[in-house]
Structure formats: C-alpha cells, structure tokens
Amino acid sequence: MGMEPEPLSFNTPEGDPVTWEVEAEPWHDPFERRLTLVVQGTRLVQRRVPRAEGREREYLYDLLENEARMGARLLTRLRRDYPPELPRLLGYSLDAEEPFVLLSDRRGEPVTRFSGALLIAEQRGLQVSLFRAVRILSACGIVHRRIEPATVRWDGTTVQLTDLSHATLAGSRRLRLGEAPYASPAQREGVGVASTSDDLWSAGMVLYRTITGREVADRPDLAAAPALQPLHDVFSGAPPTAGEVLGRLRAPDPMQSIPVEQDLALEEGRAAFDRAREARRDPAATGETAGNDRTRVQPPPAPAGEEPRRTWLTRWLPLAVLLVLLLVLWLVNR
C-alpha cells in the first residue's frame, strides 16, 4: 500500500543535486524500501543506514558508501549499454541524517526459491547469466566478494547480482570475509590479493546449491551433476576465467558487445562522491564545524606575486630593523 507523495533530495551519480517526488512503500526492513517515481512510474530501491543502527554499528556507513562508489565505477565504464545482471546506481545522499543510496528496482526472486527445481534449459540459462555478471565485473576491475544465494536473484531468464557493499577492486589486499562454502578458501583466510577467482568460486557454489538442491561444506562433487561439468575446475587451484566458462557453455563473451569506457561527467561525479566520503570520515578537515560536512571549505588562492613578497618580508624584515637600530646607536654615540 502506497503512501502520500514525498520529496526526495539527493545527488545524481554525476554529482548534481536533484529532488524527485516519490511514493514510498513501508520499509521492507530497517535498511530498505521500494519507491515509485510519481511522474514516470519508475520503480527503484532506497537503501539507508538508520540512525539507531549507525550509532551501534558505524561500519554500516562504510558499506553503504562503498556500494555507491562501486556503482559509480560501473556507470563510468558501462554507461552506453548497462547490463541487466547488475544493479544500477541512480543516486546517493551521504550527508543526510540517515544516508542512503538509490538503485534500480530488484528483479526476480532470490535463487533459494528455485533450489533443486530448475528445468534443464533454466539450469544453463542461470549459469550463463551468472557468469556473465562475473565477467562484466571482472572487466571493470571489481570483485564482488559476497556472491551467495541471498545476493543472486533469478527471473526465469536473467540473473540480477545485488549488493555491492562488500565489493573491492581487483588486486587490492584480501581481507578475511565470508564463510564456507560460498567464500573461497583464500578469501576466508585473507591471503594474497582480491581476484575474480574468488567470485568464480562463489558463483560455482551458488549454482551447485541451486541446481542440485544439495548443501556442501567444501568443494562439491560434480560427477553426479552433468549440467555443471563446465565448472569442473572452478574450485581448483588454477581456476579458469569467467570468459572461458562462458565459452564452455557456448555463450558469447558479453564484453564483445558492451563497450567499456570512461565518462568524464561521471568521473567528475565519482570524484565529488569521494570528496564527500572523505569529508564525512574527517569533518575537521572541512574547515567547518563537526557534523556539517557538506562542503570542503578552502581559503582563496593568493594573488600572483603576493606569496613571494610575503616570504621576502618575513625573511629580511628582522635584519632590516637590526641594521636601523645599529645605525641609530652609531649616530647617537658620535
């Protein structure tokens, strides 16, 4: 049941302030609700950090900000042909009392709803779509790190991989994150650097659980699952790439048709987001009072020539004064 229309103010991914009129559903949980734009009728999702939760668990702010940052990174590279497998960032507000991000609407249902119940054609479609998502993230230099049944949705045709709050850049130091069986052993141990191989392991585990309906504690036995034979070495010490798995599934590489490029306006917006993020972390650096970190205040630049003159006076004025005093004393004592 909808509510009365309400204004919602935030920044677009390009960093521009806007206000949309929305109709909001009740909060699905303290962190998320669905919205409908009054004019276009478009559905979207608002994810926030409630005030009480933020006081008790400050790291929630970091997770929310990371989701926005990774969403902005994807937009800068996939702006002309954004894939349906990934959530799309629509905006954010970091300096609100309860900060939030806006994302494209959810599609489908969590794959746990389909455990052990997919038809043969659906099993292949699920594998292709999930490995497409991993391949696209890899091309954008992102490791999701939390691919698990709760973050993978399926609408019968296409996967939607949600929740980028734990994502990181490929090549960054691995942190101990996640639990068996969905997190890779290297990720659980926090050794080495983050790699797409972590997401391949997680995606393989999700597919095994969804297609077979069976739980495993460690590496699964794929011998009794013919549909999963293309994943035979995903759990090995030398896993294939997502593109290679797609090739085994006779699916094209999505990056052959999706241009990966940088958008300067979005890059500027992402830089503005990073500045706002740093201001939130260190209010003292803004030149304003703590708690008011909307704008990073900097002194105006000195006019040309003023700084050298100031430096010259500072350096020579004491010596000039001393010389004048000596001259006066000499004249008095003559």
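Rounded to the nearest 10 square angstrom, Thr168 shows an accessible area of 20 square angstrom against a 1.4 Å probe. If you wrap the Cα atoms of the range 46-148 in a convex hull and average its projected area over all directions, you get 7.9 nm². Its relative contact order, with pairs defined as Cα atoms under 8 Å and 6+ residues apart, puts the range 180-231 at 35 percent.
One chain, two ends: Ala223 and Glu53. Fully extended at 0.36 nm per residue, the span grows by 56.6 nm beyond their Cα-Cα distance. Note on Tyr61: accessible area approximately 40 square angstrom, rounded to 10, probe 1.4 Å, nucleic acids and ligands left out.
In terms of its alpha-carbon gyration tensor, the range 151-256 comes out rounded; the largest-to-smallest axis ratio a/c stays below the 1.5 threshold. If you sort Asp155, Asp163 by accessible surface, 1.4 Å probe, largest first, the order is Asp155, Asp163.
One equal scatterer on each Cα of the range 6-64, no solvent, Debye formula: the resulting log10 I(q)/I(0) at q = 0.16, 0.17, 0.29, 0.30 Å⁻¹ is -0.61, -0.68, -1.17, -1.18.
Take every pair of alpha-carbon atoms less than 8 Å apart whose residues are at least six positions apart; their mean separation over the length of the range 81-202 yields a relative contact order of 25 percent. Once the Cβ-Cβ distance of Thr42 and Arg80 is raised to the sixth power relative to R0 = 25 Å, the FRET efficiency obtained is 0.80. What residues qualify as long-range amide H neighbours of Arg88, i.e. H under 5 Å apart, gap of 5 or more or another chain, H built at 1.01 Å from N? Correct list: Ser104. Of the residues Leu130, Leu60, Leu175, ranked by 1.4 Å probe accessible area with the largest first, the sequence reads Leu175, Leu60, Leu130. Classify the range 96-218: rounded, prolate or oblate, from the alpha-carbon gyration tensor (a ≥ b ≥ c, eigenvalue square roots; a/c under 1.5 rounded; otherwise prolate if a/b is larger than b/c)? The shape class here is oblate.
In this structure Trp27 has an accessible area near 80 Å², from a 1.4 Å probe over the protein heavy atoms.
For Val193, nonlocal amide neighbours, meaning residues 5 or more places apart or on other chains whose placed amide H falls under 5 Å from its own, are Arg174.
Straightening the chain between Glu25 and Ala150 buys 42.8 nm, computed as 0.36 nm per residue apart minus the Cα-Cα spacing. Expressed in Å, the radius of gyration and Dmax of the Cα atoms of the range 46-98 are 12.9, 40. Taking all protein chains together and a 1.4 Å probe, the residues Leu119, Leu222 rank Leu119, Leu222 from largest to smallest accessible area.
The values are calculated or read from the model by the stated rules, or taken from the named source; none is laboratory data. Remember, it's a predicted structure, so these values are computed and weren't measured experimentally. All Cβ positions, even for glycine, are placed from backbone atoms using ideal geometry, and neighbour counts span all protein chains on display. Please note that ligands, DNA and RNA were not included when accessible areas were found on the heavy atoms of the full protein model with its side chains. Shrake-Rupley method; radii C 1.70, N 1.55, O 1.52, S 1.80 Å.
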